[in-house]
Structure formats: C-alpha cells, structure tokens
Amino acid sequence: MDTQAPTRISAPVINPTAWDRLQHLINRTMAPHSVESILQSAINGDLRDQGLVFLAMMDTWPRLQKCINEVAGAVASAPLTLEPFSLRGEDAADSATEAAASVEDALASLTPDPTRSHECDFEGLLERMTHGYYAGHSVSEIYYHPNESPRAFRVLDSRYYSYPRDQRSEDRLMLNPSGHYNGHLEDFSNYPGRFVVGINSGHLGHASVSAPLRSLVQWWMASHFGLKWMLEFAQTFGTPIRWATYPNGDDCAMNAVSEMLDTMGLLGWGAFPEGTTLDVKESSKSAGDLPQKALIEMADRQVDIAILGQSLTTDVADSGSRALGDVHASVRKDAINSVANWALRVLNSQLIPALLPENGLELPRFKLNWPEISDEKALAERDEILLARMKLPVAKSWLYGRHNVPEPEEGEELFSIAPPTPEPEAEPAAVEAQQASGGRMVMNRPVVDQLTDAVMESVSGEAAVFLAGVRPTFRRLVATALDGSISDADFIATLDSVALSIPEMRSELNTESLQRALEEAIGSGMLAGAGERVISR
C-alpha cells in the first residue's frame with residue numbers, strides 16, 4: 001500500500017486581495033428585525049452575514065471586545081507542553097521525541113509577514129481561534145515555504161466556508177475558495193495539510209445556529225439602543241429649559257422671544273422685548289434610575305457571565321472581598337481552560353498531523369500545564385507535625401522537591417540557626433523559698449511544656465499534636481496560673497483575653513476547668529518531681 005504523503009503546494013489556497021477588506025464593511029446601526037432575519041437565515045448554511053453581525057457586536061460593544069480579548073490573551077499565553085507519543089507506562093521512543101522536537105522547531109521558526117494583517121504566528125493563531133470559539137467556527141490556512149516548511153497561519157473570514165444548500169448533499173462544512181455568494185464549494189480534504197478547522201456549538205442545535213455569541217445578540221441590541229436612547233434623553237432633558245412669557249396678542253414679541261430663545265442655546269445671552277419674563281428650569285441632576293442605564297449595565301453583566309463565567313467586576317467591584325475574588329478567579333480560569341482545551345483538541349487532531357505527514361502514529365500532543373498553586377505555610381506546618389513530632393520517615397529529595405528548595409551540593413556552606421540558650425534550672429532550695437514566700441512555682445521549660453500539653457488535652461478533649469497553633473496561648477495561660485505574684489483579678493482578665501482569642505473553646509475556658517486540668521496534670525505522675533501548688537482562684 002502506498003503510504004507516501006500527498007505533496008503540498010506552497011501557494012496559498014485563499015489569495016487575499018483589497019476586495020477582502022471591503023467585505024468587512026458593517027452596518028453599526030442594524031435594526032432589530034434585520035438582525036433577527038440574519039440569525040434565522042444562518043440555518044441555510046451561509047455564515048457570512050451572521051459573521052458580520054458578530055463583527056458589528058465586537059466593533060460597538062466595548063465590554064464584549066474586552067472580555068473576549070482577555071480570554072484570547074490568556075489562552076495564547078497559557079503554559080503549553082508538547083509531549084512526545086508514548087505507550088502507557090513506557091518512555092517515549094527516540095523517534096517520538098524527535099517528532100515532538102520537529103514540531104516545536106517548526107512553530108518557533110514561523111515568519112509571518114508583518115505588513116499582511118491576515119498572517120499570524122502560533123500565538124496569534126491561538127488568539128484568533130479563541131474568537132472563532134465564540135463565533136462558532138474557526139478555519140485557518142497554513143502557509144508554507146517552497147520547501148514545504150510552515151511559514152505562517154491565516155484565519156479565514158466566514159465567507160470562505162459554508163454548509164451546502166443542496167438538500168441531497170451531505171451536511172458538512174465546506175470550503176468556498178472564491179468567497180462569493182453561491183460560490184463553488186469544495187471539501188477541505190482536497191487540500192491535505194492546508195487547513196485547520198474548528199467547530200464549537202453552544203448548545204445541541206446545528207453548528208450554523210448554535211454559536212455562543214448568538215445568545216448575546218439580544219443584549220447587544222439592548223445595550224446599543226439603550227446608549228442611543230440615553231444620548232437622546234441627555235440632549236432633550238440634560239440641558240436647562242428656557243421658559244419665557246410675553247404679552248398676549250403681541251405676535252412681534254412672540255417671534256422675537258422665540259428667535260432669541262433658540263439663539264441662547266448657542267450664544268449664552270439674549271435680548272428680549274420689554275415686558276418679557278425669562279425663567280431657566282434646571283435639568284435633572286441624577287441618571288441613576290434611568291431605564292436606559294439599567295439596560296446597558298444588565299447587558300455588560302451578561303457578557304461577563306457568558307464569556308468569563310462570572311461578573312465580579314460588575315457586581316462587587318468595591319466590596320474588597322478576597323474570598324469572593326478567589327472564587328471568581330477560579331471560575332474565570334475554568335472558562336479559559338475550556339477554550340484552551342477546545343483549541344488544543346483541534347490542533348492535536350489537525351495541525352500536528354499536517355506538520356508531520358509521514359510520521360504515522362507517533363504524533364506528539366499539546367497539553368496544558370498550569371503550575372500548581374499551594375499554600376506553602378500550610379504545607380510547612382503539616383510537614384512539621386508529620387516529621388518533627390510523629391517522626392514519619394521520608395526521603396530528603398522528596399522534601400526538597402515538595403517545597404521547591406534546591407538540594408545543596410556536596411561541599412556547599414549550609415545555613416543553620418543557632419540553638420536557643422537553655423533556661424537555667426532553679427535550685428530546690430530556691431523553689432522552696434519561693435513557694436513559702438509567695439506560692440510561686442518555678443519550673444524549667446520542658447516541664448512547663450509537658451504541663452501545657454496536658455492542660456490543652458484536658459480542656460479541649462483533643463490530642464496536643466492537633467493543637468499546635470494555640471500552644472503559645474495556653475503556655476502563657478499556664479505560666480500565669482502558676483505565678484503566685486499575679487492577683488486573682490489579673491489572672492481572670494488574662495483568662496478572658498485568652499477565651500476571646502480562641503472563640504471555639506470559649507465555653508470550656510474558665511477558672512474551674514483550668515484548675516481541674518492543672519490538678520489532674522500535676523497529680524497524674526507525669527510531672528513527678530515538679531512540685532505542686534494549690535490554686536485558689
């Protein structure tokens with residue numbers, strides 16, 4: 001069987017001319033019935049008029065243009081990796097690795113002509129495919145050098161592809177090389193390795209009438225005419241009303257007053273016949289309740305939801321809610337991932353085979369590789385519990401990699417923290433003297449730490465290993481309880497302060513529970529030799 005790949009021609013299939021530019025002439029003030037007729041006629045298979053509506057929307061709706069460009073920029077800059085082909089559980093063969101390197105080199109060496117706006121590189125292709133995602137169709141031609149290496153990409157206008165109108169023909173997207181109405185349609189397969197075709201439906205309807213942007217057309221009309229109505233309202237009611245009275249029956253005075261009122265709008269002054277009374281009525285100062293303004297805001301909110309999956313900038317711009325912002329950022333990332341994954345599926349199934357026509361089945365694949373964002377502090381606290389206290393054995397290489405810290409090379413000078421100076425232990429005689437004079441107990445740090453852990457466990461009912469975050473607070477409380485020089489009032493104030501700082505344990509923290517916990521801890525034998533103290537609070 002002949003497996004030789006078909007030869008590609010280097011000349012473009014679609015030859016752009018100045019006539020192409022004129023086809024982008026759009027009517028920015030379409031009437032609602034005209035737009036409705038265009039959307040209905042798209043079911044016939046010709047997508048050019050619907051494409052012009054989408055261009056008008058982008059041209060006249062700043063919020064829509066901003067949202068789609070935001071997603072397009074994020075998709076173009078998304079971290080992509082080209083993974084060589086390999087069987088599950090096996091390493092990639094040398095030939096598969098070479099194939100992936102060949103694709104990377106081809107995409108990195110693209111040379112689009114900057115004077116031709118229709119040509120773009122790989123990042124530009126991703127951006128324009130994003131626009132096609134929302135318009136429902138994205139068809140791109142690959143331009144080649146005479147040696148058949150790729151040179152640039154061109155995303156085609158919607159007049160260059162269509163669905164057949166002949167009811168007996170197979171329903172499929174076809175190429176219209178001439179770009180004319182009722183032009184001769186050809187299969188894309190007639191030009192192997194030349195086109196990358198992506199189709200996206202916003203719902204289960206036919207692709208010609210299910211583009212995601214169609215759901216925003218009615219909101220575009222509301223925003224478009226809402227702005228027009230608001231301008232007319234401002235022109236009519238936004239300026240002061242000039243009110244003048246003149247003597248009844250004096251037609252000359254009436255004509256003179258009318259002419260002067262009209263002139264005052266331009267000159268700011270007037271001269272009236274004797275007996276004329278002039279009054280200037282101030283216009284409304286607030287536009288907050290105008291229905292036109294509400295239409296525009298509602299339309300912008302719908303764009304945010306449809307494109308970005310959220311409306312944070314519209315709804316809570318001044319709230320300062322970080323938690324809500326994190327949620328909306330996550331939703332936005334999901335929306336970007338959806339577009340990026342769609343584009344990568346198209347490129348993996350069509351672009352890579354086009355660049356490697358003789359490579360058989362060992363084709364690399366694009367994959368998204370977003371860096372994992374983790375809570376570094378939470379990881380460190382968890383590792384401290386597992387490694388320092390529970391003595392869980394782990395490999396050093398895993399620990400360094402987990403915290404993204406480079407493992408030191410042999411012979412490198414290592415950083416270290418000087419150990420804390422140990423507290424001197426009190427002599428037994430001094431302890432007895434202090435107990436006799438003031439009832440104050442002096443214990444070394446290890447003993448106090450053991451006592452603190454025992455009190456935490458008794459009061460909370462949880463193991464001390466799970467209460468590391470509140471250990472300093474309990475240690476201060478235990479030290480205060482053991483200090484005979486502290487008055488009862490001061491101790492109760494300290495206890496109340498600690499209870500407020502740990503609202504989850506406020507009901508358990510009182511003098512009775514603390515006294516009982518201290519007595520049990522000291523009398524249990526775990527602090528043998530530390531002494532005892534009777535607390536009377």
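For segment 25-36, which positions are loosely packed, with under 12 Cβ neighbours inside 10 Å and either of a type in the set (A, V, I, L, M) or modelled with pLDDT under 80 (or both)? Once the filter is applied, which keeps residues that are loosely packed, with under 12 Cβ neighbours inside 10 Å and either of a type in the set (A, V, I, L, M) or modelled with pLDDT under 80 (or both), segment 25-36 yields L25, N27, R28, T29, A31. Inspection of segment 59-74 finds no residue satisfying the criterion of being at pLDDT 90 or above, part of a helix (DSSP H, G or I) and closer than 19 Å to N348 by Cβ. Is it fair to say A106 is within 24 Å of L363 (Cβ to Cβ), in contact with a strand residue (DSSP E or B) (Cβ under 8 Å, 6 or more places away or on another chain) and in contact (Cβ under 8 Å) with a residue 40 or more places away in the chain? Answer is yes for this residue.
Does V155 satisfy the condition of being surrounded by 18 or more Cβ atoms within 10 Å (Cβ to Cβ), of a type in the set (V, I, T) and within 16 Å of N348 (Cα to Cα)? No. Cβ-Cβ distances below 8 Å connect the following pairs, each with a first residue in segment 78-103 that is under 19 Å from L368 (Cα atoms), a second residue that is among the β-branched types (V, I, T) and modelled with pLDDT of 90 or more, and a separation of six or more residues or different chains: A78/I336; L82/V103; P84/T97; V103/I352. Report yes if A287 is within 15 Å of the chain's Cα centre (by Cα) and either within 30 Å of S223 (Cα to Cα) or at pLDDT 90 or above (or both), otherwise no. In short, no.
Out of the residues in segment 77-121 that are small (G, A, S) and more than 23 Å from L356 (Cβ to Cβ), state the one that is surrounded by the fewest Cβ atoms within 10 Å (Cβ to Cβ).
Among those that are small (G, A, S) and more than 23 Å from L356 (Cβ to Cβ), it is G89.
Within segment 25-47, the set of residues being touching a residue at least 40 places away in the same chain (Cβ under 8 Å), small (G, A, S) and assigned to a loop (DSSP other than H, G, I, E, B) comprises G45 only.
The values are calculated or read from the model by the stated rules, or taken from the named source; none is laboratory data. This structure is a prediction, so every number in the text was calculated from the model and none was measured. Here the Cβ is made from the backbone with ideal geometry for all residues, glycine too, and neighbour counts use every protein chain on show.
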